[in-house]
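First the structure, in the form of structure tokens, and then the observations on it.
What follows is calculated from the coordinates using simple rules that are stated; it is not laboratory data. From a predicted model like this one, the values you see are computed outputs, not experimental measurements. Note that we place each Cβ from the backbone using ideal geometry, even for glycine, and neighbour counts take in every protein chain shown.
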Amino acid sequence: MDPFRYRDGELCAEEVPLADIAARYGTPTYVYSRAAIEAAFREYTAAFAGTPHLVCYALKANSNLAILALLARLGAGFDIVSGGELARVLHAGGDPAKIVFSGVGKTDTEIVAALAAGILCFNVESASELERIAAIAAREGRRAPVSLRVNPHVDARTHPYIATGLAESKFGIAHTAAPELYRRAAAMPSLAVRGIDCHIGSQVLDLDAYVETAARMFELVDTLAAEGIVLEHVDLGGGLGVRYRDDDTPIVLARYADAVRAARGAREVKLLFEPGRRLVGEAGVLLTRVLYLKPGEAKHFAIVDAAMNDLLRPALYAAWHGVDPVRPRAGATTVYDVVGPVCESGDFLAEARALALAEGDLLAVRTAGAYGMAMSSNYNSRPRACEVLVDGAHAHVVRERERIDALWNGEHVAR
């Protein structure tokens, strides 16, 4: 569903005009649709109805407490990559028994906290990490539930910064090395081997990559079972892409589910998934206002009050986001680069967009619900944006705009 539609010539979030949100809360502001998030989660779970499964939302996409609480109430699990994300899930009311802990650099403090919370599983990414978790669990008098994140060496055909399934990736354990490491894990009394995990990348639009990955994972399940190491779950990660451009073709969830079920066959293992972008990406926009129009000899610039510190993806990946005027103007368009106030030439939100604009106009940067606010910073001492969750005809502030005086909280002047 697209929760951002024009009504009487004005772009709205569900039933709320974005111009009303800007007037009330200012800009830049992230605006999310509750209905879109709920629909995306229910589509995922419906696709696997009748098959034992758990959808673990990947917090790194967007960790706002309101979104976490919403998903927790829907029964979601959570995929975390830090102790801070663990604390956020617990604070939002998430069930620790539905948390999987991924990431290549878990600290001792994080491992202790996750053990104490009673998480579902550690997704282990190296032999050293396995030894560390085993030692800490023994010291704490606990058995740590583990799965190994296996690198299937599958090309997800996505941006190299977000491709994680190839042999050269820092993530995961080599497919060929996995059986021996499973044998070691099974022999450690402070570990409980629960499953197998993989994740091939993000913004993946190629179903064949998942078909190949699933086949390799289930082959390993059979290899381990033949040695008496019986796994309870197979975690196929996340990464299903969303529509940024009109010609992007996201994988149809029903087709993905059919392919995964076919690979699973009659094996009695639970399926876990770790979607992030697929649940929240299209559910959000970044609302920004045009400060200045600056014509130039080579380019024309629309300078807005949002910047790369608010939405890093275009500067980091040259990522493409649609940009729509909140109140479209009639008349001729001009090709603009939409740029922010940050003192970097890479500070752009969109390049070469044909728009009819005037100073003061509002723009909505589309598909900004994932990796927007989560990657934002205070670069140039800019306060972070406000976040608003829309529910039908109601808009709720779910994160207040950061105050200037909060920028130096915790800092001290040396005397």
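The listed peptides 86-96, 196-206, ordered by packing as a protection proxy, come out as 196-206, 86-96 (highest mean of other Cβ atoms within 10 Å first). Spin-label model, R139/A87: points 7 Å from Cα along the beta carbon direction are separated by 2.0 nm. Computed extension length for L291-A46: 83.8 nm, one decimal, from 0.36 nm per residue of separation with the Cα-Cα distance subtracted. With Cα atoms as the point set, the range 38-154 shows a radius of gyration and Dmax of 14.6, 44 Å. From most to least packed by mean Cβ count within 10 Å, the peptides 141-150, 253-262 give 141-150, 253-262. Just check the range 26-85 against the gyration tensor rule for me: Cα atoms, a ≥ b ≥ c as the square roots of the eigenvalues, rounded for a/c under 1.5, and otherwise prolate or oblate depending on whether a/b exceeds b/c. The shape class here is oblate.
Per-residue ellipticity at 222 nm, computed for the chain from helices alone with -39500 (n - 2.57) per DSSP H run of at least four residues, works out to -8000 deg cm²/dmol. Scoring 122-130, 306-314 by mean Cβ neighbours within 10 Å over their residues and listing the highest first yields 306-314, 122-130. For the range 301-334, the residues whose amide N sits under 18 Å from a probe point set 7 Å from the Cα of E411 along the beta carbon direction are 309-310. Scalar couplings 3J(HN,Hα) for the range 370-381, obtained by applying the Karplus form with A = 6.51, B = -1.76, C = 1.60 to θ = phi - 60°, are 10, 6, x, 4, 4, 9, 6, 8, 9, 3, 6, 6 Hz; x denotes Gly and Pro.
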